[in-house]
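Read-outs throughout are calculated quantities, based only on the coordinates presented, and are distinct from any laboratory measurement. Computed from a prediction, not measured in an experiment: that's the story for all the values here. Note that we place each Cβ from the backbone using ideal geometry, even for glycine, and neighbour counts take in every protein chain shown.
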Amino acid sequence: MPEPLSIENAYTDAEFTAFAEQSAFTRYELIDGYIFALASPSEHHQNMLNFINNPFQVFFAGKKCRVYLAFDVHINKDISRNINVYQPDILVVCDKDKIKTNGVYGAPDLIVEITSPSTSKHDYTNKLYNYLKYGVKEYWIVAYNKISIFILDNDEVIEYHYTYNSIVESKIFPGLKIDFNMFKEFL
C-alpha cells in the first residue's frame, strides 16, 4: 500500500472508507492520513476488553448513551478535512445523531483504548491529542501496568493514573466504576 509523501497527499476519510470496505476481513485505522492495519488482539487484550465492557454495558443499560466495541470514529465531523478514522476498543456515545451505520461522526463522550506495544505510540500521542481536540470528554488508556484517564478542563489536560490495585471511576459518568483488583485473576 503506498504511503502519502506529505500531509497534503494524505489519504482522506472517503478514500480510507472505500479502501476499508474492500478489505472486510482486516481492521484498519487512518492516522494522520496514513493507513494502519490493526493486529489481532492478544489474549490479554481480549480478557481486558471483556472485563471493562461488562460493567460499561450494565451501567449504560436503559440510558440514552450507547456502548460500542471497535466501531469506526470519524473524529472530525468535517469528513472532507478528516485524516483520522480511529477504531477504539470501547466507546460511549450519548448523541444519537453522531451514530451512522458505518461509524460515529464526531467525538464520542468516552473512549477506552487497551494499548499494546504496537499501538502505544499512537494511543499516547496523536490519538490523545485528537480525541481531546475534537471533544472527547474522557479518554482511558489501559496499559499492562497502569490505567490513565485524560480529560480536558478549560483547555488544560488533567491526568489521573491508577494501578491494577485501584477502583477506577469515570470522571464524567459518576457511578461507573471498575475494580481492577478483580482483573488479577487473568494475569
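When shorter helices are ignored and each DSSP H run of at least 4 residues is given -39500 (n - 2.57), the per-residue value for the chain at 222 nm works out to -6500 deg cm²/dmol. Express in whole angstrom the spacing between the alpha-carbon centres of region 12-41 and region 58-126. Going from one Cα centre to the other spans 15 Å. By how many degrees, 0 to 90 and rounded to 10, does the Cα axis of helix 13-22 deviate from the longest principal axis of the chain? Relative to the chain, helix 13-22 is tipped by roughly 80 degrees. Taken about its Cα centre, the chain carries a charge dipole of roughly 500 debye when the Cβ of each Lys and Arg holds +1 and the Cβ of each Asp and Glu holds -1. Where both residues lie in region 86-172, what percent of DSSP beta bridges are antiparallel, nearest 5? Antiparallel bridges make up about 75 percent of those DSSP assigns within region 86-172.
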